[in-house]
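Below is one structure, written out as structure tokens, with a few remarks after it.
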Amino acid sequence: MSAPPTQPDRPRLPWDPPEHFEKRVPDGDNRERLVCGRCEFIHYQNPKVVAGAVCTWEDKILLAKRAIEPRKGFWTLPAGYMELGETTEQAAQREALEEACATIEIDRLLAMYSVARIGQVQIMYRARLVTPEIACGVESEEVALVDWADIPWDQLAFPTVVWALAHFHESRDKADFSTYSNPTGDLARMWPPRKPAGV
């Protein structure tokens, strides 16, 4: 009886390390890294930085409904991964332009959230739209300027969107405040998303 045919390995993906890299603890380190078996080069894998903003026009909040996964069809704030050569402010402005065709002016830093489970640091700003002209970018199926009372809390895409909106509400009449970070208590457990108490 012949052995069953072996299944072909999956094709290599662009983010797969070259075959001569192996996971091991380099000399002088304390955790596993990807190390080149030929030259000992260490390929460090680090968290991604996301930049975005809570953008307003005459007390209305800019929201975009995602046209891509993850969380396609849910509402979010304009935000995304930084590109090389950008500042976090430039990244937030670019993301607003790409997702909502919105030109914004950064007011100040609102919050910095650590999302360790997915390897992200999210930096959120307070910002103003230069004009109320908005439109769908390629990553959005709908965009809107929404009154605070009309925010679709149960249709928000990510916990950090809930956090940023709650922190924006808390700081909206303040010219100066301490930068917010990961919340504790009920706000930290806003999943599934819903309107936080007191906002």
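Where a number appears in this text, it was derived from the coordinates with a stated rule and is not lab data. On a predicted model such as this, the values are computed, not experimentally measured, just so you know. Note that we place each Cβ from the backbone using ideal geometry, even for glycine, and neighbour counts take in every protein chain shown.
By how many degrees, 0 to 90 and rounded to 10, does the Cα axis of helix 159-171 deviate from the longest principal axis of the chain?
So the inclination is approximately 30 degrees.
Projecting each Cα onto the charge dipole of the chain (Lys/Arg +1, Asp/Glu -1 at the beta carbon, about the Cα centre), which of THR87, HIS20, VAL121 comes out farthest on the positive side?
After comparing all options, I get HIS20.
Could you tally the net charge around MET82, taking each other residue with its Cβ under 12 Å from the Cβ of MET82, Lys/Arg +1 and Asp/Glu -1? Don't skip to the end; give the middle numbers.
Working: positive: LYS48, ARG94; negative: GLU83, GLU86, GLU89, GLU95.
Charge balance near MET82 sits at -2.
Which lysines have a Cα less than 29 Å from the Cα of LYS48, not counting those fewer than 8 places away in the same chain?
Here the lysines satisfying the reach criterion relative to LYS48 are LYS23, LYS65, LYS72, LYS195.
Work out the length of the dipole vector of the chain about its Cα centre, built from +1 on the beta-carbon of each Lys and Arg and -1 on the beta-carbon of each Asp and Glu, and round it to the nearest 20 debye.
Dipole size: approximately 600 debye.
Using Cβ contacts closer than 10 Å as the measure, can you line up SER178, SER140, SER171 from fewest to most?
Numbers: SER178 7, SER140 22, SER171 19.
Listed from fewest to most nearby Cβ atoms, that is SER178, SER171, SER140.
For semi-axes √(5λ) of the Cα gyration tensor in Å, pick the label among [x] 38, 21, 18; [y] 43, 22, 17; [z] 33, 21, 14 that corresponds to the value derived from the coordinates.
The value matching this structure is [x].
Identify all aspartates and glutamates with a Cα-Cα distance to LYS174 below 18 Å; exclude those on the same chain that are fewer than 8 residues away in sequence.
GLU58, ASP59, GLU105, ASP107
Projecting each Cα onto the charge dipole of the chain (Lys/Arg +1, Asp/Glu -1 at the beta carbon, about the Cα centre), which of LEU109, VAL54, THR160 comes out farthest on the positive side?
The Cα lying farthest towards the positive end belongs to THR160.
For the chain, take the longest principal axis of its alpha carbons; what is the angle in degrees between that and the long axis of helix 88-100, to the nearest 10 within 0 to 90?
80
With just the Cα atoms defining each centre, how far is the range 50-64 from the range 115-154? Give it in Å.
Each part's Cα centre sits 5 Å from the other's.
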